[in-house]
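The values are calculated or read from the model by the stated rules, or taken from the named source; none is laboratory data. Computed from a predicted structure; not experimentally measured. Using ideal geometry, Cβ is built from the backbone for each residue, glycine included, and neighbour counts are taken over all protein chains shown.
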Amino acid sequence: MKIAIIGAGNVGGALAGSIVRAGHDVTVSSRDLAKARTVAEAAGGRAAATNRDAVRDADVVVLAVPYGALADVVDELGDGLTGKIVIDATNPLRADYQGLAIEGISAAEQVQARAKGAKVVKAFNTAFASRQADPRIDGVQADGFVAADDEPAKATVLELVGAIGFRPIDAGPLEAARALEALAFLNISLQLRNNGAWQTAWKLVGPLSV
């Protein structure tokens, strides 16, 4: 697949490398073109001059930007997202990291409301960049939770999540992104409280079905 990653920070860089290793064609874009080029080169992908250039030929678009920039990025991309699978990897954190910035809705649902023609999927947000780069801990696969209303889009992203090394978990409809964002915040708060190494990941123990 052709995958555009919007954002060249820790998350964008980690996912770019993992997705290229999984055999996909990755294009990276950022407000800072030089940074996008550095990240793309390190991952084995390419950089685009603008976000709209990055998504033009993409099958899947990954939003790996800070939550505060999310609405502007989605609005900038506009109809360029129509018909595409859009993965929201963000978490709506308060500036002081003391909670989530929104209630009763998820960032992913906000993206879907702004990009009505897109197929929005929540994925990758519960894992730190360290685990996005390497989803195995002592040989154990971290879980990669995926939520979406569009079932074919969800299936595509579950396959992608598995291809980069996570155990893919179908978390349900897009509304489940609210729980996934809360789960991500819990992991973050545990790291902050315990002077953590930012290496932890979530793992369900036991079978998911009989």
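Tabulated data
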item	result
All positions within the stretch 110-128 that are crowded, with 20+ Cβ neighbours inside 10 Å and not β-branched (V, I, T)	Q110, Q112, A115, A118, K119, K122, A123, F124, N125, A127, F128
Failed item, numbered, when E175 is tested on (1) surrounded by fewer than 16 Cβ atoms within 10 Å (Cβ to Cβ); (2) closer than 19 Å to V61 by Cβ	(2)
Residue in the stretch 101-137 that is farthest from G9 (Cα to Cα), counting only those that are within 14 Å of the chain's Cα centre (by Cα) and polar (S, T, N, Q)	S106
Pair list, Cβ under 6 Å, 6 or more apart: the stretch 116-127 residue more than 12 Å from D88 (Cβ to Cβ), other residue surrounded by fewer than 24 Cβ atoms within 10 Å (Cβ to Cβ) and modelled with pLDDT under 95	A127/A201
Selected residue [among the aromatic types (F, W, Y), surrounded by 14 or more Cβ atoms within 10 Å (Cβ to Cβ), within 18 Å of A129 (Cβ to Cβ) and touching a residue at least 24 places away in the same chain (Cβ under 8 Å)] from W202, W198	W202
Close pairs (6 angstrom Cβ cut-off, 6 or more residues apart or separate chains): under 12 Å from A177 (Cβ atoms) in the stretch 84-102, acidic (D, E) anywhere	N91/E181
Close pairs (6 angstrom Cβ cut-off, 6 or more residues apart or separate chains): on the phi > 0 side of the Ramachandran plot in the stretch 151-179, modelled with pLDDT of 95 or more and crowded, with 21+ Cβ neighbours inside 10 Å anywhere	G165/P135; G172/A147
Those residues of the stretch 133-166 which are in contact with a Gly (Cβ under 9 Å, 6 or more places away or on another chain), farther than 22 Å from K119 by Cα and not hydrophobic (A, V, I, L, M, F, W, C), in sequence order	D134, P135, R136, Q141, G165
Single condition A153 does not satisfy, out of (1) out of contact with any Lys or Arg (no Cβ under 7 Å at 6 or more places or on another chain); (2) farther than 19 Å from F128 by Cα	(1)
Residue under evaluation P168, criteria (1) exposed (fewer than 15 other Cβ atoms within 10 Å of the Cβ); (2) more than 16 Å from V62 (Cα to Cα); (3) at pLDDT 95 or above, criterion not met	(1)
